[in-house]
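The values are calculated or read from the model by the stated rules, or taken from the named source; none is laboratory data. Bear in mind the structure is a predicted one, so any value in this text is a computation, not a measurement. So basically every Cβ, Gly included, is an ideal-geometry build from the backbone, and we count neighbours across all protein chains shown.
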Amino acid sequence: MRIIVTGASGAFGSSAAQGLLAKVPASDLILITRQPEKLARFAALGATVRYGDFDNAASLKAAFAGGEKMLMISGTRVGKRIPQHTNAINAAVAAGVQHIVYTSFVGATPDNPSLAVKDHTATEALLRGSGVAWTALRDSHYQDAIVQNIGPLVLKSGRWAASSAEGKVACVTRQDCIDSAVAVLTTPGHRNTVYNITGPELMTYRQAAAILSEVAGKPVEYVVVTDDDMYAYFDSLGVPREAVDDNVVAGVPWSSDDMVSFERTIREGKFAVISDDVRKLTGHAPQSLRSFAMEHRAMLAAQ
């Protein structure tokens, strides 16, 4: 069975392609990217590498030709992804793809205030109406973002200001999300199914701050602020209000409309989702935030 991976030159896509190589021959992979030159190493192994751009509908049908299953990795333009995803789903249907596996997000319901989740909720509705089999992998908040992006900022300042208050989320590693996606793509079943891909424990950002402090050996004060305060903070960093492609500030491709609505959603309890789906799909337990932070202890302690 030939498997398509969209966004295959990104962090998630390239790691998923690498994981798939342990399960299927390289000749079974069709890797889609806006920058084919970045996937030369996969092409050298025998994978098919094709140009495809979610913003260019005409490029997608040919890009997806011959694929039976597709890992559709969500776009990065938060709040503006629905036209992109519509193009991708329509092209997949036209190309004869039989099963679309989509990287969604926990709490994907119509009443969720998160700007990012509104994109995912609408995309899941498109998949349900597409006429092809689908799987929604509702990934939780990445531990990678907390440890590698938020961690250095709060350890340097000694202060973590958040409007999420005491809301909880079961953060998960990107690798556990990738492992779950690879499992769905390479085993039978999973049709028309939602999986919640979460870490092993619900926790507040206050608890996450305490873990970072403990692992790094540095004090971190957790301070609850308002949404307006969060906007002001992101403005001070030069973070754009709306998502902009390839815009990275402090190592993160974020926008404040996304981040502030995300923290509001945590505060309101709409990301307080936990499941055992990682273990069910992969056969291993999801990694804890403390364990992941310990793997990056040297980096955290150096801040």
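A few points about this structure:
- Of all residues in the range 40-58, those that are closer than 17 Å to Gly10 by Cβ and in a helix (DSSP H, G or I) total 4.
- Val24 vs. criteria surrounded by 24 or more Cβ atoms within 10 Å (Cβ to Cβ), in contact (Cβ under 8 Å) with a residue 12 or more places away in the chain and either polar (S, T, N, Q) or under 21 Å from Thr282 (Cα atoms) (or both): no
- Matching entry among Ala40, Ala58, Ala63 (being surrounded by 23 or more Cβ atoms within 10 Å (Cβ to Cβ), over 22 Å from the mean Cα position of the chain (by Cα) and over 20 Å from Arg191 (Cα atoms)): Ala63
- Residue match in the range 153-175 (condition: out of contact with any strand residue (DSSP E or B) (no Cβ under 8 Å at 6 or more places or on another chain), buried (at least 19 other Cβ atoms within 10 Å of the Cβ) and not hydrophobic (A, V, I, L, M, F, W, C)): no
- Only strands (runs of 3 or more DSSP E) whose full extent lies in the range 155-247 are considered here, and the ones with at least 2 residues that are under 23 Å from the mean Cα position of the chain (by Cα) are 159-162, 193-197.
Listed here are the residues, each with its yes/no results for (1) at pLDDT below 90; (2) crowded, with 16+ Cβ neighbours inside 10 Å; (3) out of contact with any strand residue (DSSP E or B) (no Cβ under 6 Å at 6 or more places or on another chain).
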position	(1), (2), (3)
Gly189	no, no, yes
Thr198	no, yes, no
Leu202	no, yes, no
Glu214	no, no, yes
Gly217	no, no, yes
Ser236	yes, no, yes
Val273	no, yes, no
Asp277	no, yes, no
